[in-house]
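To start, the structure under review is shown below, and the notes come after it.
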């Protein structure tokens, strides 16, 4: 959930600053239509659209790449942007009203690059993941 907090400076000049209310792990899982490990391989200049090459799918249908998009090109303090080359775990939600499969990673919690945390999420989503069967 996005919460914008107005901060007023001077005589009538206003600045809007934003922050993200943290999601619980359960909320993040419930509100993610697709969870993948992959790398952002393409992005436009404004960061409004991009492509993630999918290396592993933890939740969702088989897919080789994911299109990110659907946010406004207007950038504000609560805008989340990513750089080409970022690799990690992506918690994606479908962009509402998109005719093609377009996803959003519009909260800082929707991307994780820490290897230890990624391993923890993989274990949580697939308990036998990475372990040999007995």
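Read the figures in this text as sums done on the coordinates, not as results from a lab. All of these numbers come straight from a predicted model, not from anything done at the bench. No Cβ is skipped: glycine too gets one built from the backbone with ideal geometry, and neighbour counts run over all protein chains shown.
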Is the stretch 23-125 best put as rounded, prolate or oblate by its Cα gyration tensor, with a ≥ b ≥ c the root eigenvalues, rounded for a/c under 1.5, and otherwise prolate when a/b is larger than b/c, oblate when not? rounded
Stretchable slack from residue 83 to residue 33, in nm (0.36 nm times residue separation minus alpha-carbon distance): 15.8 nm
Gain in span if fully extended, residue 24 to residue 59, counting 0.36 nm per residue against the direct Cα distance: 10.9 nm
Residue 124 versus residue 44, label points 7 Å from Cα toward the beta carbon: distance in nm? 3.3 nm
A chain fully extended from residue 114 to residue 100 at 0.36 nm per residue, minus the present Cα-Cα distance, gains in nm 2.0 nm
